[in-house]
Structure formats: C-alpha cells, structure tokens
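Visitor: The structure's right below; bear with me while I get my questions together.
The values are calculated or read from the model by the stated rules, or taken from the named source; none is laboratory data. As the structure is a prediction and not an experimental result, all values here were calculated from the model. Methodologically, a virtual Cβ is constructed for each residue, glycine included, from the backbone with ideal geometry; neighbour enumeration extends over all protein chains shown.
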Amino acid sequence: MNYITNKIIADKIVGCEKAQIIQEGEVVLNEGQPDIETILKCDSRIICEDSKAEENRLSYKGRLIINILYCGKDKNVHNISTEVPINDFINIDDANNKMFTSVYMSISNVECKKLNDRKVGYKIMSEVKGTITDTAEIEAITDIYDIPKEQQITNTITTTKTLCHKSGSFTLNEDITLPATKLSIEEILSVDCNITNTEFKPQDDIVNASGDVSITMLYTSTEGGFPEIYEFDIPFNIALDAENTEPSSNEDINLFVKDCYYNVSENDDGEPKIINIEINIGTNIHTSQVEENEILGDAYALNNNIAFDTTTLCYSNVVCRNRGQCPVKEVVTLDEKNPDMLQIFRATGTAFVDDVNIYENKIVVEGAINIDIMYITGNDDMPIASHSDSIPFNQTIDARGAMEGMEADINANIAHIGFNMLSDREVEVRCALNTNTVVRDKKCINIITDTIITPLLPEIIDKIPSIAIYVVKKGDTLWKLAKKFNTTVNDIATINNIENPDLIYPNQKLIIVKKG
C-alpha cells in the first residue's frame, strides 16, 4: 500500500538521578602567613567541567574551589585557598555513549573548623543532579494514498527536538581602577563573581548572550585597619555558536564562572589601585524546537480490512519554561557566642533547593539560602567576626500547563543580597532569588509505521446488517459508526439530515445503510 510518511525526531529523557558528594580535608597555611586566631568564613563553589554518558551511567569531572578567610594572631584578616578535583559517576540505567548529558551541581552545606594555629579542616556537602537524554526517531504514516481522506483520522502530537547541545567557554579581560575614595590595595582576600541580568536571543546558528559579571572584591589596604570592599560590574555581549539554531528556537543556556585570575598594578601616581582581572566563563548551551507532528491515528477501507504495524514512541515534552525572581527576607539573630555587631561590611549567600512539588499550573519550591555575615565588633580581642545562618524559603512559581506527575528542573541562585542592621544583635537580610524552571511531561504513544490491506471475507460482510436503526451511545462518533457498519460519514449524515457530522448526542436514533 502506498502512503506518505513523516520522520518524527523527539527528545526522550532516559534517566535523571541525584547524588551527594562529601568532601573532607585539611588546608595548611603557607609559610609566612600569620597563625590563625579564628576562622571567619569558608567560601566555596563547585563547577562541572565535563560530563559524558557511558554504559548505564553518567560520568562527570569538576572542581571544588575553597577560599578560607581567617583572623590572624596579628588581628588582621588573611586568606588561604585550595582546589579539590572531582571525578565520579552516577548510575543511570539504559544509558549509552551516544546520548547527551546535563549536570547541575550545588553546595548544600559547608563546615570549617580550626584544627590548630596552622591548619583548617573542612567538610563540604554538595548535590549533583545528572540527566541523560536520547533522541528518538521514527517514520510515521500520515496519509494512505488509496483511501479517501474522510476514512482516515489524523492526530497531532507535540514534540521537542534538540537542535544544539554543547559546552564551551569565553574570556573577559578588564583593567579596573579604584576611585580616589578607595584605599590602595595591599592584598586581595577574595573575589566573588556573580553573573546577573542575563538575556539570551537565539539567531541563525548562534545565541546572543548579554549580561553582567557582578564582582565583589574584599581586600586589605596599604594603610592597615579593617578590610575594604569594592564592587563593580563587567558587562558582556557575545555571540555563542549554536549550530542549527533559529530565531524561533527555545534556549536553555547556563553561564557560570569557571576561573577568575587577577593581579594588582600601579596607576600613574604609583598607587596599587589597578586590578587586572581575567574571568573565564563556562557555557552550557541547549537549544530546541517544538514541532507539531501529524500522524495517522486510524483508517478503514470499505469491504476491506486494514492491519496496522505500530511502534511505541516514548518522548519528553517541554510543557513550560519560566525565569523569575522573588524576594526572600528574614531577620537573623547572632548566636550567643558571637560578639555584638558594630558594622556589617559583607554578606554573601548561596541558594539550595530542597523540595519541589508540582500542582496544576504551579510549582511550590522549598529550600534555603545559606548566608554568611562578616562584621566589625568593636572588640579589640576579636575585631572581626562572622555569623552563618540558614534562611528558609517557600515560593510558588507560575507554570502554565503543569500537572501533578510531571517533572520539573529548577535551578536557583542569588542575584543580590542586602542587609539592614536592626540592633547590635539583629540584622534584616534581603535576598533576590533567581529561579530557572523547566517542566517536562513524559508521554508514550503508538505510531502507525506500516499497513496491510486485505479483502473482508464474504461471511464477515454478510454479518453486517444491510440497514440498521442505531441508538447513539456516549462516546460514539459518525466516523466510528461508519467504520463499524461499512459505510461513510457522508452517507449517514445525508440519510439522517445531519447538518454537522461532528454533533450527535446520546439516545439519538440513526438509520445506517451498509455500503457495497
């Protein structure tokens, strides 16, 4: 039998699993660094540098980057840094090396403690979420040449097809000069980089990416005293290669800071006030296209029998995407052991999603923001102190089309942290929480891939009444009745004076005459 086919290409999530990583170790001060009085803060971030699908598993490599701030015996703030390599895997059934991967890493808990005057111990818990996606391809019949259109039913299925999936990086170089109001730099203690205000616009074979790298630098000055903070932004606007992408494509782009290199040079007045900074930004690019695919759902031929060969197509369909920002506010109280606050000079935080619940047209996300507050005490024995706390959040995200039983990927990060001292023991912390949400639905459908037509046996045709008075039941359509009684929709409608063949109702009586 001659027919028209259409190749359906659809994404299918093979598996999505989570794993927890616990990294424990020790950091020893470099020679010449002052002994430790107290640990102020343990900054850490985790990045995935490579991932790949293998037989029944997803392997990944990355780094845990740790920067520890401490108050030395000399009453000044110092830092010590280290990196810990990560090389691990997650078991995912049915995976193979022809599939593609995505990995999201986040830090859920950080503990640092002083072991002795020269050594710091750390324990960092991280969560890894790995997803493996395959591409399903199938030739589906859309039309049979030898059968009239009115004797065929076509259905439309919506699928998502990956156009480009790749990782890469780009580099930003900038020379930043401190203003006259800021003190000269003695030593840079930490540089926190946060990518904000991102916009992505798919074009032909590229995605235009723009945004800012918001940088907070903590440093000691040449005049001594408490650490200084300087904040600045480095804007970027770059075209990311993304083959097969079109202006109408959907994009899911993740930008993250891989490395930040810096040194200090002197200005024209001989003051160490110029920061030469190089930022390497990693890119995870995924573009896709939503397609409406027409497929043959059913067909019949008068006086003939049609047998269908079918193949089950299982695929993952993107139901909705949502990028948003919400406020999180909490009053934080110092622990009893902490000295009173005189002035806050730094607050940082990381967001961690703990639970996701999907309801009709919405998603409820629960998690926490782990914050660290560094402040001046006014106590000569402990001039600088820090306080760590956890701020819970519970946010409802609009997700049109979402239903219970679907799957949601939600990545959360902090866009901004502000604070307001309420007293020497309390501070109001205000966070702007960014969320990136993708909701998917898994579907399986039988696709007709081949047909065989054979004449009905005379005895079967004879069993069909030549004329029948039929009482319509719930769920009946004229098409189903025409197929059952070996006739056509047009003949039934004509005999029964039905103006709209799509409108019949239960208990309606129809005269049906067999054709042929």
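Visitor: Whether any residue in the range 45-66 is surrounded by 19 or more Cβ atoms within 10 Å (Cβ to Cβ), outside the structural domain of Cys193 (by TED's automatic domain parsing), more than 25 Å from Ser167 (Cβ to Cβ) and out of contact with any helix residue (DSSP H, G or I) (no Cβ under 6 Å at 6 or more places or on another chain) is what I want to check.
Guide: no
Visitor: Sticking with this structure for a sec: What helices (runs of 4 or more DSSP H), lying completely within the range 448-516, carry at least 3 residues that are surrounded by 14 or more Cβ atoms within 10 Å (Cβ to Cβ) and of a type in the set (A, V, I, L, M, F, W, C)? Quick ask: steps written out before the conclusion?
Guide: On the way: elements: 458-463, 478-484, 489-495.
Helices (runs of 4 or more DSSP H) meeting the threshold: 478-484, 489-495.
Visitor: Tell me yes or no: at least one residue of the range 363-378 is of a type in the set (Ser, Thr, Tyr) and in contact (Cβ under 8 Å) with a residue 40 or more places away in the chain. Before the answer, list the steps.
Guide: So the first thing to find is which residues in the range 363-378 are of a type in the set (Ser, Thr, Tyr), and the list is 375, 377.
Then drop every residue that is not in contact (Cβ under 8 Å) with a residue 40 or more places away in the chain, which leaves none.
No, the range 363-378 has no match at all.
Visitor: Within the range 3-122, considering only strands (runs of 3 or more DSSP E) that don't extend past its boundaries, which have at least 2 residues that are without any contact (Cβ under 8 Å) to a residue 40 or more places away in the chain and over 30 Å from Thr220 (Cα atoms)?
Guide: Values: elements: 3-28, 36-54, 57-72, 77-91, 100-116.
By residue number, 57-72, 77-91.
Visitor: Also, I was wondering about something else. Return the residue satisfying two criteria in turn: it lies in the range 78-97 and is charged (D, E, K, R) and over 22 Å from the mean Cα position of the chain (by Cα), and of such residues it is farthest from Asn56 (Cα to Cα). Before the answer, list the steps.
Guide: Step one: of the range 78-97, the residues charged (D, E, K, R) are 83, 88, 93-94.
Narrowing further to those that are over 22 Å from the mean Cα position of the chain (by Cα): 83, 94.
On the way: Glu83: 29, Asp94: 5 Å.
Among those that are charged (D, E, K, R) and over 22 Å from the mean Cα position of the chain (by Cα), it is Glu83.
Visitor: Take Ile285 and tell me if it is among the β-branched types (Val, Ile, Thr), outside the structural domain of Ala385 (by TED's automatic domain parsing), at pLDDT below 95 and surrounded by 14 or more Cβ atoms within 10 Å (Cβ to Cβ). Don't jump to the end; show me each part of the working.
Guide: On the way: among the β-branched types (Val, Ile, Thr): yes; outside the structural domain of Ala385 (by TED's automatic domain parsing): yes; at pLDDT below 95: no; surrounded by 14 or more Cβ atoms within 10 Å (Cβ to Cβ): yes.
No: the conditions fail for Ile285.
Visitor: For the list (1) within 33 Å of the chain's Cα centre (by Cα); (2) more than 30 Å from Ala180 (Cα to Cα); (3) part of a strand (DSSP E or B), I need the number of the one condition that Asn280 fails.
Guide: Here Asn280 meets the rest and fails (2).
Visitor: May I pose another question? Among the listed residues Asn30, Asn96, which satisfies the condition of being more than 28 Å from Ile138 (Cα to Cα) and surrounded by fewer than 16 Cβ atoms within 10 Å (Cβ to Cβ)? I'd like the intermediate steps shown before the answer.
Guide: Working: Asn96 fails: more than 28 Å from Ile138 (Cα to Cα).
Selected residue: Asn30, the only one of Asn30, Asn96 that is more than 28 Å from Ile138 (Cα to Cα) and surrounded by fewer than 16 Cβ atoms within 10 Å (Cβ to Cβ).
Visitor: Of the residues Val331, Val353, which is assigned by TED's automatic domain parsing to the domain that holds Ile410 and either at pLDDT below 95 or assigned to a loop (DSSP other than H, G, I, E, B) (or both)?
Guide: On the way: Val331 fails: either at pLDDT below 95 or assigned to a loop (DSSP other than H, G, I, E, B) (or both).
So the residue among Val331, Val353 that is assigned by TED's automatic domain parsing to the domain that holds Ile410 and either at pLDDT below 95 or assigned to a loop (DSSP other than H, G, I, E, B) (or both) is Val353.
Visitor: How many of the residues making up the range 187-246 are of a type in the set (S, T, N, Q) and modelled with pLDDT of 95 or more?
Guide: Step one: of the range 187-246, the residues of a type in the set (S, T, N, Q) are 190, 194, 196-198, 203, 208, 210, 214, 216, 220-222, 237, 244-245.
This time we only want the ones that are modelled with pLDDT of 95 or more, so: 203, 208, 210, 237, 244-245.
Final tally of qualifying residues: 6.
Visitor: Further question on the same structure: Can you work out which of the residues in the range 172-219 that are crowded, with 18+ Cβ neighbours inside 10 Å and among the hydroxyl-bearing types (Ser, Thr, Tyr) is farthest from Asp241 (Cα to Cα)?
Guide: Ser184
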